[in-house]
Amino acid sequence: MKTFILLLALPVSSLCAQQEALDESFDSGVFPPVGWLEVNNGNSPGWTDSGDGAAFHDDYIGQNDNHLVSKELDLTSFTEAYLHLRHSSHWTAYRGYNIIEASLDGGLTFTTLRVVQTPNDFDNEPFNSNLSYYAGIANFRLAFRYVGDFGNEWSLEDVLVNDTPANSAPRWPNLPTAAISAEGLVEDFEGIAGIPPAHMAINRVDEGTRFADDSAWCNIGQLGASQFAFGNYSLEMGVDPSFPTQHYYSNALILKLDGSNSGKLWMEFDASNHGEEGNPDDGVFLSLDGLQWAAILNDWDGATGGFPNLGTWQRVRVQLTSYLADTSGEFYVAICEADNRPYGIYDGLAVDNIKVFSEPDLQAFGKGPGFPGTIGIDKCQPGSLVEVMYSKVGPGPTDTAYGLMDLSQPILSLGKHTADASGQVILSGQLPPWMAGTSVWVQAGMLWGDIAIVSNSLALHF
């Protein structure tokens, strides 16, 4: 198996919690949330609503010592309990104290649970703590204490208390149940009536907890007709267009492909960027097991040409076969995007016309000038047009209709040929005597619909 580069799985809460005492995402528009309270020493506004799904404490001037206290939690039926959240910190070098505490008397007195001591700034980091000492108690409250004078900024998101310890839960919980041949795959989402076939799976999750969340928007027709598509449907990823939130949600369409008997695999598709910002969940990823993912593209803005091309369709090509994963058998490809604002209004990404194909494989056989010779091109798409070209001058490169080729001008052609049902083109003939003592550079170009790609190149010395 080839080398595989890993993205660390987020240590988030389990996807199968049996009991849940608290689930607060700070996106209700009410702050503190219902049942919560703030204990503020009066030197600043203290804890506030960030406006994008977080509780936020700024680095105010003046000595701050402020608590944000959760509503009362009933843990009487819990035998174990765990806290899970995501938090961010800036200007961390100037931090006084960021402390997570417990209160059993409604927020009058507190006991320290954890002190945040990370040395560097961070964003959206998971935080987990074992609260099982308090399992069985009816009047438990969490408190988040900020202490500092012109110190750090601290924000909290997705505060969850349940009975499931943190683990390396799958980044994407839904995986396809069957594989489809990678070679020649075409998907325009028009013929599936919004129902994912067995080789396809949809994920709509909260970015932090990885729990399924209906506010995430990963639509192939099951949620309605697409706003932006070449036909009626495309892959749409973002936040539910009817959901006025700025909380982050993550989406993925995952394909399970079988690369057996394929060559070097590529994927090409059309993408329309509607203001998508960078996020670790953005891009195209490969996996052999559905748990560990390697990024082969992680910048949608760059891939679609940035601001000048917002809202327009741009062609994107990624190479699947590389040192990142062994694609000679079954593997997963995930097209992913995370966002915090409604799809198609301020944010989101549309993808359509997905195609997977092999790079043509060029080979040459023969004894040399004066003898029969054969050029064979394998791994072509059946019915595609294949042109074999050569140069007697050098290895280029030269930009052509098929892409950048390893041929110098003048470039000569052996004609265009149609690949047979097995994806092959074979040219045979007598090699002329004049080739003795010369070098010839050979390469082929394939045109499959609107897909153009070049083969490997050969340098033949006689």
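Is the shape of the range 346-441 best called rounded, prolate or oblate, per the rule: a/c under 1.5 gives rounded, else a/b larger than b/c gives prolate, else oblate, with a ≥ b ≥ c the square roots of the Cα gyration tensor eigenvalues? Verdict is oblate for the range 346-441.
Can you sort H57, H90 so the residue with the fewest Cβ neighbours within 10 Å comes first? Don't skip to the end; give the middle numbers.
Numbers: H57 25, H90 16.
The most exposed by this proxy come first: H90, H57.
The phi-based Karplus calculation (6.51 cos²θ - 1.76 cosθ + 1.60; θ = phi - 60°) puts the 3J(HN,Hα) values of the range 377-384 at 10, 10, 6, 7, 7, x, x, 6 Hz, whole numbers, x for Gly and Pro.
Would you please classify the overall shape of the range 188-243 from the alpha carbon gyration tensor, given that a ≥ b ≥ c denote the square roots of the eigenvalues, rounded means a/c under 1.5, and beyond that prolate means a/b larger than b/c while oblate covers the rest? Could the numbers behind the result be given before it?
Details: a/c = 2.68, a/b = 1.46, b/c = 1.84.
Cα axes put the range 188-243 in the oblate bin.
Placing +1 on each Lys and Arg Cβ and -1 on each Asp and Glu Cβ, with no other charges, gives the chain a dipole about its Cα centre of roughly 1900 debye.
Report, in debye and to the nearest 20, how large the dipole of the range 94-229 comes out about its Cα centre when Lys and Arg carry +1 and Asp and Glu carry -1 on their Cβ. All intermediate terms of the calculation are to be shown ahead of the outcome.
Values: 7 positive and 18 negative charges, 103 e Å.
Using Cβ point charges on Lys, Arg, Asp and Glu, the range 94-229 gives about 500 debye.
In order along the range 113-123, the phi-based Karplus estimate (6.51 cos²θ - 1.76 cosθ + 1.60, θ = phi - 60°) of 3J(HN,Hα) comes to 9, 8, 10, 7, 10, 4, x, 10, 5, 7, 10 Hz; Gly and Pro are listed as x. Measuring between alpha carbons in the structure, the pairs from K256/K355; K264/K392; K264/K367; K355/K416 lying more than 20 angstrom apart are K264/K392; K264/K367; K355/K416.
Amide H to amide H distances under 5 Å link D326 with K2, where only residues 5 or more positions off or on other chains count and H is placed in the peptide plane.
A cut-off of 5 Å between modelled amide H atoms, ignoring neighbours fewer than 5 places along the same chain, links W36 with K71. Taking the alpha-carbon centroid of each part, what is the distance from the range 133-154 to the range 290-307 in angstrom? Their Cα centres are 37 Å away from one another.
Structural descriptor for the range 381-462: relative contact order 38 percent, calculated from alpha carbon pairs under 8 angstrom and at least 6 residues apart. Once you have a ≥ b ≥ c as the square roots of the Cα gyration tensor eigenvalues for the range 160-319, tell me rounded if a/c is under 1.5, and otherwise prolate or oblate according to whether a/b is larger than b/c. Rounded is the answer for the range 160-319, as its axis ratio a/c remains below 1.5.
Ranking E337, E330, E207, E153 by Cβ neighbours within 10 Å, fewest first, what do you get?
Values: E337 30, E330 17, E207 25, E153 20.
Final ranking by Cβ density, sparse to dense: E330, E153, E207, E337.
Can you say what percent of the DSSP beta bridges in the chain, counting only those with both residues inside, are antiparallel? Round to 5.
Antiparallel bridges: around 95 percent, rounded to the nearest 5.
Run the dipole for the range 20-162 about the Cα centre, Lys and Arg Cβ at +1, Asp and Glu Cβ at -1, nothing else charged, and hand back the magnitude in debye, nearest 20. Don't jump to the answer; show the numbers that get you there.
Working: 6 positive and 22 negative charges, 89 e Å.
Charge dipole of the range 20-162: 420 debye, to the nearest 20.
Take W91, W300 and order them by how many other Cβ atoms sit within 10 Å, fewest up front. Spell out each step's value before the answer.
Values: W91 15, W300 24.
Ascending Cβ contact count within 10 Å gives the list W91, W300.
Using a cutoff of 8 angstrom between alpha carbon atoms and counting only pairs six or more residues apart, the relative contact order for the chain works out to 14 percent.
A short reminder: the numbers here are calculations on the coordinates, not readings from a lab. Here the structure is a predicted model, which is why all the values come from computation and not from measurement. Reconstructed Cβ throughout: ideal geometry from the backbone, glycine too, with neighbour counts over all protein chains shown.
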